[in-house]
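First the structure, in the form of structure tokens, and then the observations on it.
Derivation of every value follows stated rules applied to the coordinates shown; laboratory data play no part. Since this is a predicted model, take the numbers as computed values, not measurements. When we count neighbours, we look across all protein chains shown, and the Cβ atoms used for this are built from the backbone with ideal geometry, even at glycine.
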Amino acid sequence: SSGINAECPLRPGSQLKLFRHFYILVVVYIYITRIALKFMEVVLPFQLAWCTNFMDEIATIAFFLITGWNFRPYISNPYYKVVEEDDEMEMESMIESDTLRNRTHADEEDDTTLA
């Protein structure tokens with residue numbers, strides 16, 4: 001099945017989707033604040049010089065708002081899920097079975113000493 005349900009771990013490509021979007025956002029922010037605004041500063045007349053500062057502030061606010069919105073915590077966030085590997089589960093079952101075996105072996109020894 002190609003669908004992903006709540007219990008299935010994410011595919012490696014989809015795990016980093018949010019961070020790819022963040023990377024693009026950072027590149028766009030740097031382009032706007034370092035290149036496009038410098039170009040505006042050169043092209044605009046002196047009376048409109050405040051527009052570059054205004055646009056810089058707007059770009060900064062938009063960057064932080066979008067970043068905060070994308071990385072907000074929510075209950076069904078797939079990045080919070082802990083994926084247990086099969087090795088860990090096998091180790092736990094081995095420990096449990098070994099503990100159970102030791103308990104039954106100790107109980108058998110107690111029964112033989114009482115008889």
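Shape verdict for segment 27-74, please, from the Cα gyration tensor: rounded (a/c under 1.5), prolate (a/b greater than b/c) or oblate.
Working: a/c = 6.76, a/b = 2.52, b/c = 2.69.
Oblate, because a/c is 1.5 or more while a/b does not exceed b/c.
Net charge near residue 27, counting Lys/Arg +1 and Asp/Glu -1 over other residues with Cβ under 15 Å of its Cβ?
+2
Place a point 7 Å from the Cα of residue 62 along the Cα-to-Cβ direction; which residues of segment 16-32 have their backbone N under 19 Å from it?
Counting only backbone N, you get 21-32.
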